[in-house]
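Student: Sending over a structure as structure tokens; questions will come in a sec.
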């Protein structure tokens, strides 16, 4: 068993429940592939590895399911979710709907004089880790950058909608870590520049192009092939 799955006790820290610690440990193991897609997660095995009782473990399962890491059925143990073509396509479609509008809103605020310091910090963090050979760190930093764009808008509903999506993004970014990180970094810089310019249409167009450019390479990288022409046409039709 890989080291990230080795038995290690969880202890309450700063008042944080064991269920949340178990959530982080299991979700990380799923992303890293220690618990492969389609694997059935047996409670007995997990309680032994995490050295906790079944109560906090069962409490973390709804969180894992909410964020797309597992699927559960009544009276059956949980199963690690599997990336399918539909799941990848749906994630990209939702990101287009949410992040493109967020980029436009961010540009509006930048035009009104809102400082872009948070965006610049997230951008620098993503740049710093991009060439460290740490695919999970790179995935997390890239996700954090996209999350910061949404948070910049100050739209609380938009931020709450983005939060569960970021879990999917980190997992998928990790699975496709072999893609060109230089290109991704370059596009992140272009997006920040577009937002800082205060031009809404430019920012939304750059955001759309950045997200959509990754759709087919992502499908190919996870072994799901290129996207059908009908779906490509639909995506283009909904562009800015």
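Student: Given the criterion surrounded by 19 or more Cβ atoms within 10 Å (Cβ to Cβ) and farther than 19 Å from residue 163 by Cα, identify the matching residue among 102, 122, 78, 111. Show your work before the answer.
Tutor: Working: 102 fails: farther than 19 Å from residue 163 by Cα; 122 fails: farther than 19 Å from residue 163 by Cα; 111 fails: surrounded by 19 or more Cβ atoms within 10 Å (Cβ to Cβ).
Answer to the check: 78.
Student: Can you find, within the range 196-209, the residue that is surrounded by the fewest Cβ atoms within 10 Å (Cβ to Cβ) among those that are in contact (Cβ under 8 Å) with a residue 24 or more places away in the chain and within 19 Å of the chain's Cα centre (by Cα)? First the steps, then the outcome.
Tutor: Residues of the range 196-209 that are in contact (Cβ under 8 Å) with a residue 24 or more places away in the chain, as a first pass: 196-208.
Keeping just the survivors that are within 19 Å of the chain's Cα centre (by Cα) gives 207-208.
Details: 207: 29, 208: 21.
So the residue we want is 208.
Student: Within the range 141-154, can you find the residues that are within 20 Å of residue 211 (Cα to Cα) and either assigned to a helix (DSSP H, G or I) or over 19 Å from the mean Cα position of the chain (by Cα) (or both)? I'd like the intermediate steps shown before the answer.
Tutor: Initial filter on the range 141-154 (within 20 Å of residue 211 (Cα to Cα)): 141-153.
Residues satisfying the conditions are 141, 142, 143, 144, 145, 146, 147, 148, 149, 150, 151, 152.
Student: Go through 186, 193 for me and flag whichever is more than 30 Å from residue 223 (Cβ to Cβ), free of Cβ contacts under 8 Å to residues at least 40 places away in the same chain and either part of a helix (DSSP H, G or I) or not assigned by TED's automatic domain parsing to the domain that holds residue 97 (or both). Reasoning before the result, please.
Tutor: Values: 186 fails: more than 30 Å from residue 223 (Cβ to Cβ).
Result of the check over 186, 193: 193.
Student: For the range 1-34, which residues satisfy the criterion of being modelled with pLDDT under 90 and over 16 Å from residue 52 (Cβ atoms)?
Tutor: 1, 2, 3, 4, 14, 15
Student: Right, another one. Could you check the range 34-55 and list, in sequence order, the residues that are outside any strand (DSSP E or B), surrounded by 15 or more Cβ atoms within 10 Å (Cβ to Cβ) and free of Cβ contacts under 8 Å to residues at least 40 places away in the same chain?
Tutor: Result: 34, 46, 47.
Student: State all residues of the range 58-75 that are surrounded by fewer than 20 Cβ atoms within 10 Å (Cβ to Cβ) and over 28 Å from residue 152 (Cα atoms); if no residue qualifies, say none.
Tutor: Those that are surrounded by fewer than 20 Cβ atoms within 10 Å (Cβ to Cβ) and over 28 Å from residue 152 (Cα atoms): 58, 59, 62, 71, 72, 73, 74, 75.
Student: If you scan the range 175-195, which residues turn out to be modelled with pLDDT of 95 or more, touching a helix residue (DSSP H, G or I) at 6+ places or on another chain (Cβ under 6 Å) and surrounded by fewer than 20 Cβ atoms within 10 Å (Cβ to Cβ)?
Tutor: Of everything in the range 175-195, those that are modelled with pLDDT of 95 or more, touching a helix residue (DSSP H, G or I) at 6+ places or on another chain (Cβ under 6 Å) and surrounded by fewer than 20 Cβ atoms within 10 Å (Cβ to Cβ) turn out to be 187, 190.
Student: Here's another thing I want to ask about it. Please go through the range 121-140 and give me each residue that is part of a helix (DSSP H, G or I) and over 21 Å from residue 34 (Cα atoms), ordered by number. Spell out how you get there, then give the answer.
Tutor: Narrowing the range 121-140 to residues part of a helix (DSSP H, G or I): 121-129, 135-140.
Within the range 121-140, 121, 122, 123, 124, 125, 126, 127, 128, 129 meet the criteria.
The values are calculated or read from the model by the stated rules, or taken from the named source; none is laboratory data. Keep in mind that what you see is a predicted model, and the values were worked out from it rather than measured. A quick note on method: Cβ atoms are made from the backbone with ideal geometry, for glycine too, and the neighbour counts reach across all protein chains shown.
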